[in-house]
Amino acid sequence: MIILGIETSCDETAAAVLSDEGTILSNVVLSQTIHYEYGGVVPELASRAHIRTLIPIIRESLSRASVELSDLGAIAVTFGPGLVGSLLVGLSAAKAIAYALDRPFIGVNHIEGHLFANFLEHDDLRPPLIHLIVSGGHTRLIHQPEMGRYRLLGQTLDDAAGESFDKVAKMLEIGYPGGPQIDRLSEQGDECFVDFPRAYLSGDSLDFSFSGLKTAVLNYLQPLDGDQIREHLADIAASFQAAVVEVLVEKTFRAAREHRIETVAVAGGVACNRRLRRELKQRADREGMTVRFPSPLLCTDNAAMIAAAGRFHLLQGDRSPLDLNAVANIDMQPAPAA
Ligand code: KG4
Ligand code: ZN
């Protein structure tokens with residue numbers, strides 16, 4: 001079954017086509033740049049931009065995959081979590097295509113989509129797994145005992161990991177999105193320059209909190225003038241990044257140890273971060289474990305991962321009703337059945 005995937009939950013307009021065998025035939029992602037001048041995503045602008053660009057992006061994905069609309073066997077689309085106005089654009093387009101072609105339609109949970117990026121790229125990856133999902137909107141540790149079953153072990157109590165990168169980058173005035181900038185700058189910085197706090201929370205908690213760290217960076221910057229900040233920009237960025245990464249790595253391996261799981265899969269935009277990848281890899285090597293990441297294009301929001309998660313559900317016989325609604329806040333639940 002050839003599947004068209006559509007993703008419009010935030011500020012990426014994306015469409016992808018998967019082959020009968022589930023391999024990627026095309027994966028087109030348009031990152032909206034309209035938000036850069038505001039230092040964050042403006043929901044109303046995001047949905048308007050999706051309306052303008054989604055149909056051309058879908059056409060491009062079909063053309064790159066060398067398939068016609070009529071070749072499609074099913075349509076998969078993100079139904080939540082995300083910005084409701086943005087989700088509705090993708091959802092409406094997907095329903096219209098499915099209805100017009102009389103093909104099955106499936107709503108995909110965006111977080112489950114991120115997790116499927118690893119299954120798309122690593123054929124041999126099988127549960128049981130610990131997943132670390134780190135993006136602009138989510139920071140979650142998930143235990144997956146078998147395909148299709150998930151247990152949330154921990155999540156952020158305030159800012160998501162990517163959100164903290166974006167907010168600190170804004171304080172440092174180095175642009176949006178902040179993660180890639182901080183990652184790049186940190187490569188030349190001294191991570192021991194500032195000893196920022198690590199929030200491990202009480203006892204053996206697997207939850208995260210990044211708002212204290214964000215405030216610590218703000219308090220550190222407040223007495224400094226522009227020249228002092230610029231002189232040590234890379235050091236401050238590296239010190240902040242080290243504090244985020246240390247907690248993410250520690251809690252991920254704690255979760256793996258507690259559940260006696262030997263393979264960790266990391267996904268979401270922050271999974272692009274070079275220090276996070278390095279530290280997880282070193283720790284896994286030391287402990288005789290395995291860690292998997294998707295390639296960078298599949299870490300950040302894309303529609304191939306949505307099509308892959310949709311494919312899994314479709315092959316199980318799941319279908320969504322054409323009156324499926326967008327849901328802004330949702331945990332790991334799948335879409336209601338048709
Ligand atoms: O998964 P994603 O594209 O969208 C959401 O579902 O939120 O993640 C975007 C987030 C942004 O916060 C961005 O700053 C962060 O991922 N990000 C990074 C890096 N690349 C993207 N954070 C740290 N290091 C990176 N290299
Ligand atoms: Zn995402």
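Each reported figure results from applying straightforward, stated rules to the coordinates on display, with no laboratory input. Keep in mind it's a predicted model, so treat the numbers as computed, not measured. Heads up, the Cβs are rebuilt from the backbone with ideal geometry, glycines too, and the neighbour counts pull from every protein chain shown.
Some notes on this structure:
- Placing dummy labels 7 Å off each Cα toward the beta-carbon, the span from E173 to Y38 is 2.2 nm.
- With the highest mean first, a sort of the peptides 320-330, 305-315 on other beta-carbon atoms found within 10 angstrom per residue produces 305-315, 320-330.
- R278/C192 FRET efficiency (R0 22 Å; Cβ-Cβ; nearest 0.05): 0.85
- Of the residues N27, P128, F210, the one whose Cα sits farthest towards the positive end of the charge dipole of the chain is P128 (charges of +1 on Lys and Arg Cβ, -1 on Asp and Glu Cβ, taken about the Cα centre).
- If both residues of a DSSP beta bridge must be in the chain, then about 60% of such bridges are antiparallel.
- Karplus 3J(HN,Hα) series, Hz, for the range 4-11 with 6.51 cos²θ - 1.76 cosθ + 1.60 (x for Gly, Pro): 9, x, 10, 9, 9, 6, 9, 10
- Once the Cα atoms are used to define both axes, helix 84-101 deviates from the longest principal axis of the chain by about 20 degrees.
- Annotation: peptides 16-27, 189-200, 103-114, ranked by per-residue average of other Cβ atoms within 10 Å with the highest first, follow the order 103-114, 16-27, 189-200.
- Taking the average, over residues, of other Cβ atoms within 10 Å as the packing measure, peptides 216-229, 170-183 rank 170-183, 216-229 from highest down.
- Distance between the 7 Å Cα→Cβ label points at R230 and L45: 2.6 nm.
- Between E287 and A100, the modelled label-to-label distance comes to 5.0 nm, taking each label 7 Å out from Cα in the direction of the beta carbon.
- Here the sum of -39500 (n - 2.57) over DSSP H runs of 4 or more residues, divided by the residues of the chain, equals -13500 deg cm²/dmol at 222 nm, to the nearest 500.
- Couplings 3J(HN,Hα) for the range 126-135, derived from phi with the Karplus relation 6.51 cos²θ - 1.76 cosθ + 1.60 (θ = phi - 60°), are 9, x, x, 9, 10, 9, 10, 9, 10, 9 Hz, where x marks Gly and Pro.
- At full extension, E146 and D323 could sit 60.8 nm farther apart than now, given 0.36 nm per residue minus the alpha carbon distance.
- Flagged links, alpha-carbon separation over 31 Å, of K170/K281; K167/K281; K95/K214: K95/K214
- Length added when fully stretched, Y200-E250, from 0.36 nm per residue minus Cα-Cα: 17.1 nm
- Using the Karplus relation 6.51 cos²θ - 1.76 cosθ + 1.60 with θ = phi - 60°, the per-residue 3J(HN,Hα) values for the range 41-55 come to 6, 9, x, 5, 5, 5, 5, 5, 5, 4, 4, 5, 9, 4, 4 Hz, with x marking Gly and Pro.
- Taking amide H as placed 1.01 Å from N in the peptide plane, F208 has its amide H under 5 Å from the amide H of Q155, T156, L157, each at least 5 places away in sequence or on another chain.
- For the range 35-191: rounded, prolate or oblate by the Cα gyration tensor [a/c cutoff 1.5]: oblate
- Net charge, D301 excluded, C-beta distance under 10 Å - Lys, Arg +1, Asp, Glu -1: -3
- Potential lengthening of the chain between S19 and Q222 amounts to 67.7 nm, from the contour at 0.36 nm per residue minus the alpha-carbon distance.
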